[in-house]
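Notes for the one structure printed next.
The values are calculated or read from the model by the stated rules, or taken from the named source; none is laboratory data. None of these values were measured; they are calculated from a predicted model. Cβ placement follows ideal geometry from the backbone for every residue including glycine, while neighbour counts extend to all protein chains displayed. In case anyone asks, the SASA skips ligands and DNA or RNA and just uses the protein heavy atoms, side chains included. Shrake-Rupley method; radii C 1.70, N 1.55, O 1.52, S 1.80 Å.
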Amino acid sequence: MSIVKSKIRTIPDYPRKGILFRDITSLLLDPEGLALTIGTFVDRYTGKGITKVAGIEARGFIIGAPLAFQLGVGFIPIRKKGKLPSETVSQEYDLEYGKDVIEIHKDSVFPGDRILLMDDLIATGGTMIAAVQLLQKLGAEVPEVGVIIDLPDLGGATKLNKDLGVNVFSICEFEGH
Ligand code: AMP
């Protein structure tokens, strides 16, 4: 949606030279932008049988938690390794340089759950794929993942669809990296 897109700020060369960082803090700061963003997801997922919303640390929490509240379901934080205090399930994934691990509390998901997964942005899809695998490992169905921004040139959304059969819904797209 063009209003949401217009409120996202682009910071060139952050965190490294050549990256166009799509900064949602300007969108979150804007009451109309924030309401439109959360409202778009609420409209899309109301009445769809979603049993929980999961969000990826840290920006996935910002949109995932208010969405869960509005849908009347619980929220699951998916966190970086070592942050969750109870028994966890882990998934490793590749970064541009090296590897990372995300974790989820084992007792937060039950077979039969229909979980909506949220993050701010999908680029290569590495983080999202690892998060979907975590939820599926615990027996959940992930009917769709929702993001504010898709970077289609990096192919993440296509990969999620092809490799895992999960649809990606995005509010707006930006060309390039
Ligand atoms: P990926 O695993 O490649 O899909 O990367 C997704 C994660 O990296 C998301 O959690 C984003 O917050 C962050 N990210 C990747 N590229 C950008 C970008 N150009 N601007 C802002 N955040 C980004």
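Taking all protein chains together and rolling a 1.4 Å probe, Glu87 ends up with roughly 120 Å² accessible.
Once both labels are positioned 7 Å from their Cα atoms along Cα-to-Cβ, the gap between Lys48 and Ser6 label points is 2.6 nm. Its residue count N fixes a reference of 2.2 N^0.38 Å for segment 1-67, and the Cα radius of gyration divided by that reference is 1.27. Two tests apply to each whole DSSP H helix in the chain, Cα reach of 20 Å or more along its axis and mean Kyte-Doolittle hydropathy of at least -0.5, and the ones passing both are 31-45.
Segment 114-168 and segment 1-50 have Cα centres spaced 17 Å apart. Pairs of lysine residues in segment 1-104 that meet both criteria, 8 or more places apart or on different chains and Cα atoms under 26 Å apart, total 11. Beta-bridge orientation, the chain: approximately 40 percent antiparallel, per DSSP, counting only bridges with both partners inside. Considering all different alpha carbon pairs of segment 125-169, the Kirkwood hydrodynamic radius works out to 10.6 Å.
Looking at segment 97-177, the chymotrypsin sites (Phe, Trp or Tyr not before Pro) that sit in a DSSP loop and have at most 10 other Cβ atoms within 10 Å of their own Cβ are Tyr97.
Can you pull the Rg over Rh of the chain, Cα-only, Kirkwood?
Taking Rg over the Kirkwood Rh, I get 0.95.
The phi-based Karplus calculation (6.51 cos²θ - 1.76 cosθ + 1.60; θ = phi - 60°) puts the 3J(HN,Hα) values of segment 16-27 at 9, 4, x, 8, 9, 7, 8, 9, 7, 4, 5, 6 Hz, whole numbers, x for Gly and Pro. Placing +1 on the Cβ of every Lys and Arg and -1 on the Cβ of every Asp and Glu, with no other charges, gives the chain a dipole of roughly 180 debye about its Cα centre.
Per residue, the chain exposes 50 Å² of solvent-accessible protein surface, assessed with a 1.4 angstrom probe and all protein chains in place.
Ligands, DNA and RNA left out, the 1.4 Å accessible surface of segment 41-173 is 49% carbon and sulfur atoms. In terms of accessible area, using a 1.4 Å probe and ignoring ligands and nucleic acids, Arg44, Arg22, Arg9 rank largest first as Arg9, Arg44, Arg22.
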